[in-house]
Amino acid sequence: MYTAKASASSYERSDIDDVDFSGDSIGLTAATLRRIEHAVRRQYQEFASGLPFHGWHHVEFVRTKAVSLALKNNADVTIVEAAALLHDLNYMLQRNSRATVACQMRAQLLGDLGISEWLVDRIEQVISEAETESRDEHACLEAQALSDADTLFKALPITPVLLAHKYMEETGQSIRELCDRILRDQVRLRDRGIYFYDEETRRRYEEWANANLHLWECINVSLASPEVQALVRTLESSDDQAG
């Protein structure tokens, strides 16, 4: 059963739309990044319900890949690493929520570590621009690095096999709902040429991404079959009884 340790209603989006993020960032020190990592990891360890899909394994993967892309493309590596560590805290507050749900939570965590409001806002902007639902062609380099790393996690060939059921467990979504979400959010990005921003990443992983989306397109077609619908109902009923 999913239970959050804090009420989502207590966290509201801060007004960051008018902040000017142009120019070079002063960045974050290595010591500060380790303090952020420690604080965020403690949040994951203490979260009562756990996050089978968006857990620490996801954060580690995204952080490692995002930092690598930031280094390659001359983005602000420290901002990217901080954003990667913090980008999915919203799932501790509310199922199926947008990243902005945890905006105040992130601000409080970073403020408690003595990080300036300007850097807090910069990290928040990167997280916002990298989110699947809001991505566009104008994302900053830092958001592009975070987005590509997060997207790659979804496009890995092992994800539908080892992690899709964990996503449904975490979110409470049915396979129909998950399929609809993937096709709604990800196909439009592929069709606009921004499924991956980095050209080398696109060349290397585009085949995986297309295979993954094709699989979900096939699932979508199969779910129109009465026989498949009956099978899914039986399996979901068995899962509910087992739970």
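Overview of values
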| item | result |
| --- | --- |
| Any hit, region 159-172, residues being outside any helix (DSSP H, G or I) and at pLDDT 95 or above | no |
| Out of R176, R202, R190, sole residue that is surrounded by 13 or more Cβ atoms within 10 Å (Cβ to Cβ), within 18 Å of the chain's Cα centre (by Cα) and either under 30 Å from K72 (Cβ atoms) or of a type outside the set (V, I, T) (or both) | R190 |
| Some residue of region 215-222 being surrounded by fewer than 16 Cβ atoms within 10 Å (Cβ to Cβ) and either modelled with pLDDT under 95 or within 21 Å of N96 (Cβ to Cβ) (or both) | yes |
| Some residue of region 118-136 being touching a Phe, Trp or Tyr at 6+ places or on another chain (Cβ under 9 Å), in contact (Cβ under 8 Å) with a residue 60 or more places away in the chain, among the aliphatic types (A, V, I, L, M) and farther than 30 Å from V221 by Cα | no |
| Single match in S147, S134 (criterion: among the small types (G, A, S) and open to solvent by 20 Å² or more (accessible area, probe 1.4 Å)) | S134 |
| Qualifying positions in region 108-142 - within 18 Å of the chain's Cα centre (by Cα) and among the small types (G, A, S) | S128, A130, S134, A139 |
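Yes/no per residue for (1) more than 19 Å from L51 (Cβ to Cβ); (2) touching a residue at least 40 places away in the same chain (Cβ under 8 Å); (3) open to solvent by 50 Å² or more (accessible area, probe 1.4 Å); (4) part of a helix (DSSP H, G or I):
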position: L152; (1), (2), (3), (4): no, yes, no, yes
position: F196; (1), (2), (3), (4): yes, yes, no, no
position: A224; (1), (2), (3), (4): yes, no, yes, no
position: L231; (1), (2), (3), (4): yes, no, yes, yes
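The values are calculated or read from the model by the stated rules, or taken from the named source; none is laboratory data. A quick note: this is a predicted structure, and the numbers were derived from the prediction, not measured. Cβ: placed from backbone, ideal geometry, glycine included. Neighbour counts: every protein chain shown. Keep in mind that these areas ignore ligands, DNA and RNA; they rest on the heavy atoms of the full protein, side chains included. Shrake-Rupley method; radii C 1.70, N 1.55, O 1.52, S 1.80 Å.
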